Amino acid sequence: MTQPSVLYEARDGIATLTLNRPDVLNALDNDLAAQLADHAEAAARDPGVWVVVVRGRGRAFSSGMDRKELSAGRIGPAFCRHWIRGLNCLEDMDKIVVGVLHGYSIGGGLQLAVACDLRLAADDAVLGLGATRHGLIPDGSVLRLARIIGLGRAMELTLLNDHIGPEVALAMGLVNWVVPAAQIDAKLGEIVEKVFHASRTATGHAKRLLHASFHADPRDMIEEVARAQQDCMGSWEIEAANRAWDASKKDARFYPPPPRD
């Protein structure tokens, strides 16, 4: 029986999407792109999911495009539609998305990573692009990368296709944390616990407004920010936060959420 190209598990508030082509270092093909998009959309819809983790099985996060599939002409518009659908969903959902990078995290692997909200890298990670070297544009990152690391650094990575280590990536803001590979799951657990202490109502609005801030004058968004804040003020999360503070001067843990009437 053929194994799925992306594994999906939702448990205890965490949805994990695991790239599952370890024999080819999780190289991207049509099936992987479609399954990634479908699972991302499932996680976005699931009210029991508080945080989404994207990672790769085996020795790498992802080595990028499957060159055999590309050379054979099997990568085309269908791949692009699924690929962009999946990356947009990760970026747009009202849940925090954490990319966990190890080994080769290059090409489309890095494009996937920059669609995540946060990036945790093992100290064995190798990061870079490479699309222009293969006659393509890095379609998953070309509209995102400069917002994360600035135009100059984005130009360098995109046009020269250098590979960099995790400490260099950390220094330029491409990743948020670097830890020894043996400690990656422990660090991920710390990050997830912080997410469980963040209001999902507020998280969704904050993500959306942060992205919108790159496309609009902040002065034109005052009413939108006010509406988002009012929604937060009317949420169950702020009531829980106030109760926790009044009772013990501590922050609330929002996951698991209370039963709804």
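The values are calculated or read from the model by the stated rules, or taken from the named source; none is laboratory data. None of the values given here were measured: they were computed from a predicted structure. Cβ: placed from backbone, ideal geometry, glycine included. Neighbour counts: every protein chain shown. SASA here: full protein model, heavy atoms, side chains in, ligands and nucleic acids out. Shrake-Rupley method; radii C 1.70, N 1.55, O 1.52, S 1.80 Å.
Pairing each residue of region 218-237 that is within 16 Å of S199 (Cα to Cα) with any residue that is polar (S, T, N, Q), provided the two are 6+ apart or on different chains, yields C-beta distances under 6 Å for C232/T201; S235/T201; E237/S199; E237/T201.
Only a single item in (1) open to solvent by less than 50 Å² (accessible area, probe 1.4 Å); (2) more than 26 Å from A212 (Cα to Cα) is not met by G150, and it is number (2). Screening the candidates V114, V51 for the property of being aliphatic (A, V, I, L, M), under 21 Å from Y255 (Cβ atoms) and within 16 Å of the chain's Cα centre (by Cα) yields one hit, V51.
Mind checking whether some residue in region 174-191 is closer than 30 Å to G135 by Cβ and open to solvent by less than 60 Å² (accessible area, probe 1.4 Å)? Can you show your working first?
Step one: list which residues in region 174-191 are closer than 30 Å to G135 by Cβ, which gives 174-175.
In the following step, the residues that additionally are open to solvent by less than 60 Å² (accessible area, probe 1.4 Å) were identified as 174-175.
For region 174-191, residues closer than 30 Å to G135 by Cβ and open to solvent by less than 60 Å² (accessible area, probe 1.4 Å): present.
Looking only at residues that are out of contact with any Leu (no Cβ under 8 Å at 6 or more places or on another chain) and buried (at least 19 other Cβ atoms within 10 Å of the Cβ) in region 31-49, which one is nearest to K68 (Cα to Cα)?
Here is the first cut: in region 31-49, the residues out of contact with any Leu (no Cβ under 8 Å at 6 or more places or on another chain) are 31, 33-35, 37-38, 41-42, 44-49.
Filter once more, keeping what is buried (at least 19 other Cβ atoms within 10 Å of the Cβ): 33-35, 37, 49.
Working: A33: 16, A34: 18, Q35: 19, A37: 22, V49: 36 Å.
Looking at residues that are out of contact with any Leu (no Cβ under 8 Å at 6 or more places or on another chain) and buried (at least 19 other Cβ atoms within 10 Å of the Cβ), I get A33.
So that you can scan it fast, the table gives a plain yes or no per residue for (1) polar (S, T, N, Q); (2) modelled with pLDDT of 95 or more; (3) more than 20 Å from K250 (Cα to Cα):
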residue: L188; (1), (2), (3): no, yes, yes
residue: A202; (1), (2), (3): no, yes, no
residue: H205; (1), (2), (3): no, yes, yes
residue: R219; (1), (2), (3): no, no, yes
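For region 38-72, a residue qualifies if it is farther than 25 Å from A122 by Cα, at pLDDT 95 or above and among the charged types (D, E, K, R), and the qualifying residues are D38, E41, R45, D46. Considering region 51-65, the residues that are open to solvent by less than 10 Å² (accessible area, probe 1.4 Å), among the hydrophobic types (A, V, I, L, M, F, W, C) and touching a Gly at 6+ places or on another chain (Cβ under 9 Å) include one that is farthest from C116 (Cα to Cα), namely A60. Within region 71-109, if we keep just the residues that are touching a Leu at 6+ places or on another chain (Cβ under 6 Å) and more than 15 Å from G140 (Cβ to Cβ), the residue that is most open to solvent (accessible area, probe 1.4 Å) turns out to be Y104.
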